[in-house]
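Here is the structure we will look at.
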């Protein structure tokens, strides 16, 4: 169950992270925050990032082998990166209609999936 909780928390964490890092760009396109000064956009993103950290830290604590979890630090990091790219890809294709997936993006994702395989290989 610790593995499942870790992965679910990483997914939720990365949804918040993606919105904190890139959501303001969409909000600017929608003219919701286009007049905000940069420092307000940063504070707004930090507020979202607080939710991200509230999931990321427990995910790492629960999942880390040193705390009785099933994953090494390297495994946690590689999983987090792959989850980040999956969430980012969905976010980009749904919210930014001008962005498209190309063959080279898929090739890069395949390399990351191979990285997960290799990091879990005994």
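The values are calculated or read from the model by the stated rules, or taken from the named source; none is laboratory data. As the structure is a computational prediction, the values presented were derived from the model and not from experiment. In this analysis, Cβ positions are derived from the backbone assuming ideal geometry, glycine residues included, and neighbour counts consider all displayed protein chains.
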Residue match in region 93-110 (condition: at pLDDT below 95, part of a helix (DSSP H, G or I) and in contact with a helix residue (DSSP H, G or I) (Cβ under 6 Å, 6 or more places away or on another chain)): yes
Residue within region 114-122 that is surrounded by fewer than 16 Cβ atoms within 10 Å (Cβ to Cβ) and either closer than 30 Å to residue 26 by Cα or in contact with a strand residue (DSSP E or B) (Cβ under 6 Å, 6 or more places away or on another chain) (or both) present: no
Which listed residue, of 54, 45, 34, is farther than 18 Å from residue 84 by Cα and either in contact with a helix residue (DSSP H, G or I) (Cβ under 9 Å, 6 or more places away or on another chain) or in contact (Cβ under 8 Å) with a residue 12 or more places away in the chain (or both): 34
Cβ-Cβ under 6 Å pairs, at least 6 apart or on other chains, region 59-88 side at negative phi and modelled with pLDDT of 95 or more, far side surrounded by 14 or more Cβ atoms within 10 Å (Cβ to Cβ) and part of a strand (DSSP E or B): 63/71
Members of region 93-122 found to be touching a residue at least 24 places away in the same chain (Cβ under 8 Å) and within 17 Å of residue 17 (Cα to Cα), listed by number: 95, 96
